[in-house]
1. Thr8 - would you say it is modelled with pLDDT under 95, over 13 Å from Pro75 (Cβ atoms) and either part of a strand (DSSP E or B) or among the polar types (S, T, N, Q) (or both)?
2. Could you check how many residues of region 24-57 are over 12 Å from the mean Cα position of the chain (by Cα) and within 30 Å of Thr6 (Cβ to Cβ)?
3. Please enumerate the residues belonging to region 11-28 that are open to solvent by 80 Å² or more (accessible area, probe 1.4 Å) and not in a loop (DSSP other than H, G, I, E, B).
4. Would a scan of region 50-58 turn up a residue that is at pLDDT below 90, open to solvent by 60 Å² or more (accessible area, probe 1.4 Å), in contact with a strand residue (DSSP E or B) (Cβ under 7 Å, 6 or more places away or on another chain) and in a strand (DSSP E or B)?
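The values are calculated or read from the model by the stated rules, or taken from the named source; none is laboratory data. Bear in mind that the values here come from a model prediction, so they are computed numbers and not experimental data. Here the Cβ is made from the backbone with ideal geometry for all residues, glycine too, and neighbour counts use every protein chain on show. Heads up: the accessible areas ignore ligands, DNA and RNA and are worked out on the full protein's heavy atoms, side chains in. Shrake-Rupley method; radii C 1.70, N 1.55, O 1.52, S 1.80 Å.
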Amino acid sequence: MDELSTHTIVDEVVADDIRVVEIGPKQIKLDVRRTVYVELNYGSGSDFRRGDGASMRDKYPFSVAMAAAMTDLKPGIVGRAAVDNSSFFE
């Protein structure tokens, strides 16, 4: 996400779809589809104070694999989250 602007700020993350991939004796595996809402800022703080900075809001889908132990069912991220920011470049 950092390649999209000088300063990228995540405003909100919303879970759109949560699917159970596997239920085992020790853990449950999930595939989570989310949308991340961001503010893309171009320029430094002094650029904004001079009126030379620019800002825009956008949203991007991303997916992440998660797993939770059957003992507490607190999910944790397994691997890397994959953000699809290809719409920014279209």
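1. On the way: modelled with pLDDT under 95: yes; over 13 Å from Pro75 (Cβ atoms): yes; either part of a strand (DSSP E or B) or among the polar types (S, T, N, Q) (or both): yes.
Here the answer is yes, as Thr8 does meet what is asked.
2. As a first pass, look at region 24-57 and keep what is over 12 Å from the mean Cα position of the chain (by Cα): 24-31, 39-57.
Of the ones still in play, those that are also within 30 Å of Thr6 (Cβ to Cβ) are 39-57.
The qualifying residues number 19.
3. First, pick out the residues of region 11-28 that are open to solvent by 80 Å² or more (accessible area, probe 1.4 Å): 12, 16, 18-23, 25-26.
Scanning region 11-28 gives Glu12, Asp16, Ile18, Arg19, Val20, Val21, Glu22, Ile23.
4. So far as region 50-58 goes, no, none of its residues is at pLDDT below 90, open to solvent by 60 Å² or more (accessible area, probe 1.4 Å), in contact with a strand residue (DSSP E or B) (Cβ under 7 Å, 6 or more places away or on another chain) and in a strand (DSSP E or B).
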